[in-house]
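Engineer: The structure's right below; bear with me while I get my questions together.
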Amino acid sequence: MKAPVRVAVTGAAGQISYSLLFRIASGDMLGKDQPVILQLLEIEPAMNALKGVIMELDDCAFPLLHGVVASHDPMVAFKDADIALLVGARPRSKGMERKDLLESNGAIFTGQGKALAAVANKNVKVLVVGNPANTNALILSKNAPGLNPKNITSMMRLDHNRAMTQLANKVGAHSTDVKDVVAWGNHSSTQYPDIFNATVKGKKASELVDENWLVNDFIPTVQKRGAAIIEARGLSSAASAANAAIDHIRSWVLGTAEGEVVTMGVPSDGSYGIPEGVMFGYPCTCKNGEYTVVQGFEINEFSRKYIDITYKELCEERDSIKHLLG
Ligand code: NAI
């Protein structure tokens, strides 16, 4: 039997984790032959709720679950972690400006960066889910000395998955028929879901839909999907966010399929004209536990305009929390 992988999850008593933890423990993320130890972090007032979640994990008798650690101390929850899913974040409260949200979450992610650097596996793979995910990941990366910055990523996979299904539905296909969509940039309403490189059953997607649909339907639907779910459900997307986190880590660790391109929020490296210094949604492939930004996707004039907008927003977010970047 393989040695267990230590998976740290923050915000473990929250909505997303209520779906995420059970899927990790059942082998959906790392494979049906990979035991895991869950290391759960919550804030003190939520520790009792977390106790209830752990009772439920126990009650599933998952064959692959080889232990659960629960703590409100990141130095305990991140100890020797091989994978860290940073879901916990402060939600935006009434009257709070985006800048205040960045600031209060900034404090969480500077502390968690330091703790990961101090006690986690040096090669820990980090996925930031808590919003604003891209800039939180950037803050974490700048406060985690000794960790490989390439291993700190943010979640764009939900946007990617949303784009696949919207396109498939439009042309009467299945999401598995869709290849090479990308959700460029920020996980926010400026993200750019791009179909100009995509195919559906091998046909160019841009020849199957028109620009009016792209501008007035597809792009805003994907950009504002989170808000639409809150409107309908009264709560933010949770099961689909957990699913995207599972997809992100599974692709990264186990590899993407031949010909499969996924979107990951990764440190910008100059690719596609985005200078270093932000966490950007890029098309990626994964092999042997490493991701690579796919080169050579076409960026036409239409796409460039949208990509510039989302890049600008990321720069503004970064500039507003410059003092947290070390
Ligand atoms: P939730 O409010 O149900 O749960 C968050 C949990 O985090 C709470 O239990 C809270 O006690 C905990 N928490 C707060 N500060 C913490 C800290 N310093 N350390 C550890 N735990 C802490 O929220 P939900 O629905 O689970 O969402 C979590 C985050 O994920 C939110 O920021 C949300 O905006 C974000 N999100 C991101 C998506 C993406 O695609 N990147 C998609 C959907 C949600």
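Engineer: Could you name the lysines in cross-link range of LYS99, using Cα to Cα under 22 Å and dropping any fewer than eight places away on the same chain?
Structural biologist: Leaving aside lysines fewer than 8 places away in the same chain, those within reach of LYS99 are LYS142, LYS224, LYS312, LYS322.
Engineer: In whole Å, what is the distance between the alpha-carbon centres of the stretch 1-70 and the stretch 264-304?
Structural biologist: 31
Engineer: Once both axes come from the Cα atoms, what is the angle between helix 301-320 and the longest principal axis of the chain, in degrees from 0 to 90, rounded to 10?
Structural biologist: 30
Engineer: When we measure straight from the Cα of LYS170, which aspartates and glutamates land under 14 angstrom away, once same-chain ones fewer than 8 places off are left out?
Structural biologist: Here the aspartates and glutamates satisfying the reach criterion relative to LYS170 are GLU207, ASP210, GLU211, ASP217.
Engineer: Can I ask one more? Check GLN39: other-chain or 5+ apart residues with amide H under 5 Å from its amide H, H built from backbone geometry?
Structural biologist: Correct list: VAL7, ALA8, VAL9, VAL69.
Engineer: Additional query: If you filter the stretch 40-99 for GluC sites (Glu not before Pro), then keep DSSP loop positions with at most 11 other Cβ within 10 Å, what is left?
Structural biologist: GLU97
Engineer: Along the charge dipole of the chain, Cβ charges K/R +1 and D/E -1, which of ALA115, VAL293, HIS323 sits furthest on the positive end?
Structural biologist: Selected residue: ALA115.
Engineer: So in the chain, what percent of DSSP beta bridges are antiparallel if you round to the nearest 5?
Structural biologist: Beta bridges within the chain, antiparallel portion: roughly 45 percent.
Engineer: Mind listing the long-range amide H neighbours of VAL261? Cut-off is under 5 Å, sequence gap 5 or more, other chains count too, H placed in the peptide plane at 1.01 Å from N.
Structural biologist: Those lying under 5 Å, H to H, from VAL261 are ASP180.
Engineer: So which GluC sites (Glu not before Pro) in the stretch 256-321 pass both tests, a DSSP loop state and at most 15 other Cβ atoms within 10 Å of the Cβ?
Structural biologist: Qualifying residues, ordered by number: GLU258, GLU260, GLU276, GLU298.
Engineer: Using the Karplus curve 6.51 cos²θ - 1.76 cosθ + 1.60 with θ = phi - 60°, work out ³J(HN,Hα) for each residue of the stretch 156-170 in order, rounded to whole Hz, and write x for Gly and Pro.
Structural biologist: Working through the residues one at a time gives 10, 5, 5, 5, 4, 5, 4, 4, 4, 5, 4, 5, 4, 4, 4 Hz.
Engineer: Hand me the trypsin sites (Lys or Arg not before Pro) from the stretch 2-102 located in a DSSP loop with no more than 13 other Cβ atoms within 10 Å, in residue order please.
Structural biologist: Here the sparse-neighbourhood loop sites are LYS2, LYS32, LYS94.
Any read-out appearing in this document is the output of simple, stated calculations on the displayed coordinates, not a laboratory observation. What you see is a predicted model, and the numbers here were worked out from it, not measured in a lab. Backbone-built Cβ (ideal geometry, glycine too); neighbour counts: all protein chains shown.
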